[in-house]
Amino acid sequence: MYVADSRGTPAPTVTAEPAAARGTRPGRRAAAVAPTVLALGTVSLITDVSSEMVTAVLPLYLVAGLGLSPLGFGLLDGVYNGVSALVRLTGGHLADRSGRHKTVAGLGYGLSALVKPLLLIAHTLPAIGALLALDRTGKGLRTAPRDALISLAAEPEERGRAFGVHRAMDTAGAMIGPLVAFLILRQAAEGYDAVFAVSSCVAALGVVVLVLFVPGRAARPDPAPGAGRVSLRASLGLLRRPELRRITLCALFLGLTTVSDAFVFLLLQHRTGLADRWFALLPLGTAAAFFLLALPLGRLADRIGRWRVFLGGHLLLLLAYGLLLTSWHGPWLPYAVLLLHGTFYAATDGVLMAAAAGVVPEELRAGGMALVQTGQALARFVCSIAFGAAWTAWGERPALITATAGLALCALLAARLGPGDSPAPRKAPA
């Protein structure tokens, strides 16, 4: 759909040609969604089909198939979700320094695609752990450059909407992935290798779409007057900005008490007695809610304030934990928990990046957003290990009670220490 926008014309710049950079034509009303956002959303959709196929079956494969303990799974899940934090700053810095956001993001997508076929020959925990670490390294490299491209392609007052559109497309892939994995497992008993093989092919397709459809190299934006050279020290120095420092600290505190998705699904399975063959469908419920609500909540954040929506999402997650702790065993329990879980992501994932983008200069956009992502990812890495250890030592219910109490405390702290906000300024009509 956007091949004509990315071929045969010079690459747009962020500052010299703002209308072209955002996919609009001078003198015309801005498009509802920039072509760059839609193209990146398509890449994320395809890539998430691949990654969520693996994610949907991984907990069951490791715990039921390989007999991994909750503590062991917590360690491996921490690696899966936390290793990317170690390279996000690198990815953001490389993108800012070179101005080649697409190239750096492409390296990340390519690395993850190369790892997927190797899961077919890895049947030991050390080998699987190493491959998952490489896969998350690719995710770490691509996330900040990709989100920077989205923020630079959108008008400041429309960033919540742009991230909502991208996250909705991304989550469409997260809906399709578990469904494909479920269908494969239904046709092939113990068909984990078949899931990994199909996932590899889909990941390669995502890289091809990135190369062909996402606009090429964007020139690095001119630094603001008085701004220093783009460097890793300059990116880290952004934490001296009070608003970005508050956003980063709050994301870190809340991440320390956000139980990993895999554990939420395992807890829900234990509460409901769900058969193993249906387990792969649980992520589909979360993804469906995320898909339906990402855009509406992104637009709501643009209107009433991004930090309010972000905190509201964590209150919904607290309610989901509360339902898992109650004695209610009604047939609607799985639907309620998954709806709340997905709404939490819709209210926080893209909204947090939209809030961070508003307090970071363009020339350090990827590095600044990577700071927030790194703090959150490291915190969730610690939470996965801690929750797995608590489950092993105390049992699943005491572990969840501890996490719920911690999340309530951190939500109160974030409400007090957070930057606060007001609705994004609206552009005056021409």
Inset, instruction - Could you tell me whether Pro178 is closer than 28 Å to Gly72 by Cβ and either surrounded by 24 or more Cβ atoms within 10 Å (Cβ to Cβ) or among the charged types (D, E, K, R) (or both)? - result: yes
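Based on what the data block shows, is Val259 under 26 Å from Arg142 (Cβ atoms), at pLDDT below 85, among the aliphatic types (A, V, I, L, M) and assigned to a loop (DSSP other than H, G, I, E, B)?
Values: under 26 Å from Arg142 (Cβ atoms): yes; at pLDDT below 85: no; among the aliphatic types (A, V, I, L, M): yes; assigned to a loop (DSSP other than H, G, I, E, B): yes.
When the stated conditions are applied, Val259 does not pass them.
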Legend entry - Answer from Ala424, Ala336, Ala414, Ala346 - the residue that is modelled with pLDDT of 90 or more, closer than 24 Å to Ala144 by Cα, surrounded by fewer than 24 Cβ atoms within 10 Å (Cβ to Cβ) and out of contact with any strand residue (DSSP E or B) (no Cβ under 8 Å at 6 or more places or on another chain): Ala414
Legend entry - Test for Gly92: is it surrounded by 20 or more Cβ atoms within 10 Å (Cβ to Cβ), touching a residue at least 60 places away in the same chain (Cβ under 8 Å) and farther than 26 Å from Met175 by Cα: yes
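I'd like to verify a number: residues in region 114-129 that are assigned to a helix (DSSP H, G or I) and in contact with a Leu (Cβ under 9 Å, 6 or more places away or on another chain), how many?
First, pick out the residues of region 114-129 that are assigned to a helix (DSSP H, G or I): 114-120, 125-129.
From what is left, the residues that are in contact with a Leu (Cβ under 9 Å, 6 or more places away or on another chain) are 114-116, 118-119, 125, 127-129.
Number of matching residues: 9.
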Legend entry - Hits in region 43-72 (condition: more than 14 Å from the chain's Cα centre (by Cα), polar (S, T, N, Q) and at pLDDT 85 or above): Ser50
Inset, instruction - Please find, among Ala366, Ala393, the residue that is surrounded by fewer than 24 Cβ atoms within 10 Å (Cβ to Cβ) and assigned to a helix (DSSP H, G or I). - result: Ala393
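Quick one: would you say Ala188 is out of contact with any Phe, Trp or Tyr (no Cβ under 8 Å at 6 or more places or on another chain) and surrounded by 24 or more Cβ atoms within 10 Å (Cβ to Cβ)? Reasoning before the result, please.
On the way: out of contact with any Phe, Trp or Tyr (no Cβ under 8 Å at 6 or more places or on another chain): yes; surrounded by 24 or more Cβ atoms within 10 Å (Cβ to Cβ): no.
No: the conditions fail for Ala188.
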Legend entry - In region 264-297, the residues that are among the aromatic types (Phe, Trp, Tyr) and either over 24 Å from His314 (Cβ atoms) or surrounded by 24 or more Cβ atoms within 10 Å (Cβ to Cβ) (or both): Phe265, Trp278, Phe279, Phe290
Inset, instruction - Enumerate the pairs (first residue in region 181-206 and touching a residue at least 60 places away in the same chain (Cβ under 8 Å) and farther than 20 Å from Asp276 by Cα; second residue anywhere and β-branched (Val, Ile, Thr) and surrounded by 17 or more Cβ atoms within 10 Å (Cβ to Cβ)) with beta-carbon separation below 6 Å, excluding pairs fewer than 6 apart on the same chain, so at least 6 apart or on different chains. - result: Ser199/Val54; Val202/Val49; Leu205/Ile46; Gly206/Val43; Gly206/Ile46; Gly206/Thr47
Inset, instruction - Pick out the one residue from Thr103, Thr124 that is over 27 Å from Leu68 (Cβ atoms) and either surrounded by fewer than 24 Cβ atoms within 10 Å (Cβ to Cβ) or at pLDDT below 85 (or both). - result: Thr103
Inset, instruction - Given the conditions (1) touching a residue at least 24 places away in the same chain (Cβ under 8 Å); (2) small (Gly, Ala, Ser); (3) not in a helix (DSSP H, G or I), report the number of the one that Ala320 does not fulfil. - result: (3)
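The values are calculated or read from the model by the stated rules, or taken from the named source; none is laboratory data. Bear in mind that the values here come from a model prediction, so they are computed numbers and not experimental data. For neighbour counting, all protein chains shown are included, and Cβ atoms are generated from backbone atoms with ideal geometry for every residue, glycine included.
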